[in-house]
Amino acid sequence: MPSQRSIFWQTSVRDPNLSSISQAGLVNNLNDGMAWGLFPFVFASAGMTLIQIGTLAAIYPTVWGVCQLFTGALSDRIGRKGLIVAGMWVQAAGIAIIAFRSSFAWYATGAILLGIGTAMVYPTLLAAIGDVVNPAWRASTVGVYRFWRDLGYAIGALMAGVVADLYGVVSAIWLVAAVTFLSGVIVAVRMRH
């Protein structure tokens, strides 16, 4: 069995599949941290009522939760890489719509796309680890992946906050949309399976 240090470096940098999965997990949660921190400000500044803001905030996790019941099974049939790449790009599109438009219907559309994209990615990333890692050290690898994935919440909140403070909330949202799209490109180019 490899050492913990070796597993960390394989999962984080060296192995093209595992490092692609890890960065996608980080970015997936990075955009989640941004969404919870900045979207309510965007919705409020567009004149949404508290009921509308609450509804918009509920759409994303509801769609994500329901859809992942189907996307996980779909990834078992069609494979992991394409679903991860497409999911990152669908998330980026949802985020961009929220940055670009300012009506309840457009915000809801963006939240739906963000939820669908997250559902495409979330269960698939974990399954992809299981596809490429020896069961003897799978839990250690998942631990490293979860380190990077969960760090994404903090990085997303900090990055979005700093950029929003310096350049405005909409600029921060556009940056996260671009980072999310780029993450999909990295998976498309680097991940083998």
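Summary table below
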| item | result |
| --- | --- |
| Residue of 61, 135, 123 that the Gaussian network model of the chain assigns the largest fluctuation, springs spanning Cα pairs under 10 Å | 135 |
| Most mobile of 168, 115, 72 in a GNM of the chain (Cα contacts under 10 Å) | 168 |
| At R0 = 30 Å, FRET efficiency that the Cβ-Cβ distance of residue 189 and residue 57 yields, to 0.05 | 0.30 |
| Gained length - residue 146 relative to residue 166, 0.36 nm times residue gap less alpha-carbon distance | 4.2 nm |
| 15 Å beta-carbon shell around residue 184, net charge (K/R +1, D/E -1) | +3 |
| Cβ-placed point charges (K, R +1; D, E -1), dipole of the range 10-190 about Cα centre in debye, nearest 20 | 300 debye |
| Label-point gap, in nm, between residue 101 and residue 178 - each point 7 angstrom along Cα→Cβ | 2.3 nm |
| Sites residue 1 and residue 76 - FRET efficiency at Förster radius 35 Å, r taken between beta-carbons, to 0.05 | 0.80 |
| Among 83, 38, 50, residue whose mean-square fluctuation peaks in a GNM of the chain (springs only between Cα atoms under 10 Å) | 50 |
| Sites residue 36 and residue 138, calculated FRET efficiency, Cβ-Cβ separation with R0 35 Å, nearest 0.05 | 0.70 |
| Ranked list, fewest to most other Cβ atoms within 10 Å of each Cβ, for 42, 144, 121, 162 | 162, 144, 42, 121 |
| Evaluated over the range 10-190, the Cα radius of gyration and Dmax, each in Å | 16.1, 54 |
| Helix runs (DSSP H) in the chain reaching 30 Å along axis by Cα, Kyte-Doolittle at least 0.5 | 50-78, 104-132, 138-167, 169-190 |
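Every read-out reported here was derived from the displayed coordinates using simple, explicitly stated rules and does not represent laboratory data. Source: prediction; values computed, not measured. We place every Cβ from the backbone using ideal geometry, glycine too, and count neighbours over all the protein chains shown.
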